[in-house]
Amino acid sequence: MNQSLPGVRVLLGVSGGIAAYKAAELLRRLRDAGAQVRVVLTANAERFVTALTFQALSGNPVRSSLWDEAAEGAMGHIELARWADQVLIAPASADLLARLAQGRADDLLSTLCLATAAPLAVAPAMNQQMWAHAATQANLAILRSRGVQVFGPAAGSQACGDVGSGRLLEPPELVAALAAARAPGELAGQRWLVSAGPTYEDIDPVRFVGNRSSGRMGFAVAAAAHAAGAQVTLVAGPVALPTPHGVTRIDVRSARQMREAVLAAVADSEVFVSAAAVGDFRPAAVAPHKLKKADGDSGLELSLVQNPDILAEVAARSPRPFVVGFAAETEQVEAHARAKLERKRLDLIAANEVGHELGFERDDNALLLLWPGGREALARTDKGALAQALVARIARLRAPQGARP
Ligand code: C5P
């Protein structure tokens with residue numbers, strides 16, 4: 001049989017919910033896929049299923065307490081955390097997700113999740129109302145931002161009689177999802193450089209010229225490229241966003257600092273995605289002290305000079321990476337973006353309309369991708385999904401001609 005998880009050491013965590021009965025079947029399927037499995041039950045899981053079932057099916061002792069002296073003597077919890085190549089929690093209850101999001105270590109399973117260096121995947125299962133609750137969704141967003149894989153849940157009829165989202169994925173689906181998540185990504189071995197956010201150009205020690213870019217699009221591109229297997233460096237202007245899991249971040253403030261950071265990293269990169277909203281102008285001089293009203297009795301004139309165009313500079317290099325620019329336009333999006341693609345000699349441009357509540361400072365967006373000889377319109381959706389589609393398009397354009405789907 002073609003095994004999808006050969007020799008993978010899976011620590012299967014089971015938390016307290018009625019779907020815990022499906023974890024026994026999941027364990028069988030994991031073993032069929034070639035995995036070695038050790039099981040940890042939470043105290044509440046033990047109310048639904050017995051350790052004996054899992055012990056018989058896994059061929060290994062089952063753990064449920066941090067304070068079990070005999071078990072700790074045989075394989076301590078830190079040793080167990082190190083043993084794992086993968087942690088999979090199925091079902092993951094709302095309470096367990098909350099404890100993981102908080103980084104609690106108040107029982108064996110949550111402690112193992114903190115103590116392991118192995119990737120963590122969770123398969124939530126709960127009542128549809130609990131799943132939809134803002135608190136649960138916020139906890140999931142935290143876990144996702146740390147690189148935790150979330151499998152499901154599925155929608156359908158629930159044990160409690162409700163109908164909706166919150167059903168545990170079926171065991172074969174979970175095994176397939178885990179195998180897919182562990183497969184080396186399409187971009188494995190590639191180095192990507194992404195810029196994101198605005199730039200701030202100082203006027204004096206307390207004032208600056210900036211723009212409304214939130215950085216969310218560039219951060220989403222960095223996260224999507226990393227999720228697809230790339231090694232990602234993210235040069236970020238001043239934004240208040242958490243660093244995507246696994247991404248190397250370099251913080252900068254001004255366009256000139258961004259240029260320096262980009263040029264230092266670009267020689268090593270196969271792809272450069274310039275999602276930053278780089279300020280085109282900066283004050284000709286930075287006042288050493290805070291400007292006083294009296295300094296400009298009849299108003300204040302700011303003299304601006306042009307910033308370097310980082311994207312055009314990278315595109316002019318030889319050799320150069322695959323170069324992707326963004327174009328924020330307020331009208332005639334396609335015509336202006338296509339002109340920019342040609343003028344800056346880009347490989348791809350992602351254009352969008354800004355203004356009128358579009359584009360900046362939002363979680364969603366729509367993008368028009370243009371490249372020499374092609375176009376793809378991406379309909380309005382969240383920036384995470386757009387970033388995935390953009391990364392997939394870049395991967396396709398870079399693939400050798402014969403390999404392109
Ligand atoms: O010409 P325009 O500023 O509209 O081009 C936008 C694209 O150029 C974006 O990808 C942006 O990151 C990049 N850019 C740059 N340096 C500048 C201005 C824009 O890299 N000074």
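The values are calculated or read from the model by the stated rules, or taken from the named source; none is laboratory data. As the structure is a prediction and not an experimental result, all values here were calculated from the model. Cβ sites come from the backbone with ideal geometry, for glycine too, and all protein chains shown count toward neighbours. Only protein heavy atoms, including side chains, enter the accessible area calculation; ligands, DNA and RNA are left aside. Shrake-Rupley method; radii C 1.70, N 1.55, O 1.52, S 1.80 Å.
Scoring residue 253 on the criteria (1) closer than 28 Å to residue 397 by Cβ; (2) surrounded by 17 or more Cβ atoms within 10 Å (Cβ to Cβ) leaves a single failure, condition (1). Just name the residue that is surrounded by the fewest Cβ atoms within 10 Å (Cβ to Cβ) out of those in the stretch 275-284 that are within 15 Å of the ligand (Cβ to nearest atom) and assigned to a loop (DSSP other than H, G, I, E, B). Ranking the qualifying residues of the stretch 275-284, first place goes to 280. Residues that are assigned to a loop (DSSP other than H, G, I, E, B) and within 16 Å of the ligand (Cβ to nearest atom) within the stretch 285-307 comprise just one, 307. Suppose the filter is at pLDDT 95 or above and more than 22 Å from the chain's Cα centre (by Cα); does residue 356 pass it? In short, no.
Answer with yes or no whether residue 300 is free of Cβ contacts under 8 Å to residues at least 12 places away in the same chain and either among the aliphatic types (A, V, I, L, M) or surrounded by 14 or more Cβ atoms within 10 Å (Cβ to Cβ) (or both).
Values: free of Cβ contacts under 8 Å to residues at least 12 places away in the same chain: yes; either among the aliphatic types (A, V, I, L, M) or surrounded by 14 or more Cβ atoms within 10 Å (Cβ to Cβ) (or both): yes.
Spelling it out, residue 300 is indeed free of Cβ contacts under 8 Å to residues at least 12 places away in the same chain and either among the aliphatic types (A, V, I, L, M) or surrounded by 14 or more Cβ atoms within 10 Å (Cβ to Cβ) (or both).
Criterion first (part of a strand (DSSP E or B) and outside the structural domain of residue 27 (by TED's automatic domain parsing)) does residue 235 satisfy it? Before you say what the answer is, go through the steps one by one.
Details: part of a strand (DSSP E or B): yes; outside the structural domain of residue 27 (by TED's automatic domain parsing): yes.
The answer is yes for residue 235.
Would you confirm whether or not the stretch 243-256 contains a residue that is touching a residue at least 24 places away in the same chain (Cβ under 8 Å), polar (S, T, N, Q), more than 25 Å from residue 365 (Cα to Cα) and assigned to a strand (DSSP E or B)? So far as the stretch 243-256 goes, no, none of its residues is touching a residue at least 24 places away in the same chain (Cβ under 8 Å), polar (S, T, N, Q), more than 25 Å from residue 365 (Cα to Cα) and assigned to a strand (DSSP E or B). Checking each residue of the stretch 1-17 against the condition of being outside the structural domain of residue 165 (by TED's automatic domain parsing), open to solvent by 40 Å² or more (accessible area, probe 1.4 Å) and hydrophobic (A, V, I, L, M, F, W, C) gives at least one match. Please verify whether residue 17 is modelled with pLDDT under 95, under 20 Å from residue 166 (Cα atoms) and in contact with a Leu (Cβ under 9 Å, 6 or more places away or on another chain), treating the condition exactly as stated. Yes, satisfied.
Tallying residues that are open to solvent by 50 Å² or more (accessible area, probe 1.4 Å), more than 8 Å from the ligand (Cβ to nearest atom) and more than 21 Å from residue 395 (Cβ to Cβ) within the stretch 308-335 yields 8. Pick from the stretch 251-289 the residues that are more than 25 Å from the chain's Cα centre (by Cα) and among the aliphatic types (A, V, I, L, M): which of them is nearest to residue 215 (Cα to Cα)? The qualifying residue nearest to residue 215 (Cα to Cα) is 255. For first residues located in the stretch 22-51 and closer than 23 Å to residue 126 by Cβ and hydrophobic (A, V, I, L, M, F, W, C), partners that are outside any helix (DSSP H, G or I) and open to solvent by 80 Å² or more (accessible area, probe 1.4 Å) and lie 6+ apart or on another chain with Cβ distances below 8 Å form the pairs 48/18. Elements of the type strands (runs of 3 or more DSSP E) sitting completely within the stretch 78-157 and holding at least 1 residues that are hydroxyl-bearing (Ser, Thr, Tyr): these cover 154-157. State whether the residues of the stretch 256-274 include one that is away from the ligand (no atom under 13 Å from the Cβ), open to solvent by less than 60 Å² (accessible area, probe 1.4 Å) and modelled with pLDDT under 95. No, because not a single residue in the stretch 256-274 is away from the ligand (no atom under 13 Å from the Cβ), open to solvent by less than 60 Å² (accessible area, probe 1.4 Å) and modelled with pLDDT under 95. Restricting 145, 64 to those that are without any contact (Cβ under 8 Å) to a residue 60 or more places away in the chain and assigned by TED's automatic domain parsing to the domain that holds residue 24 reduces the list to 64.
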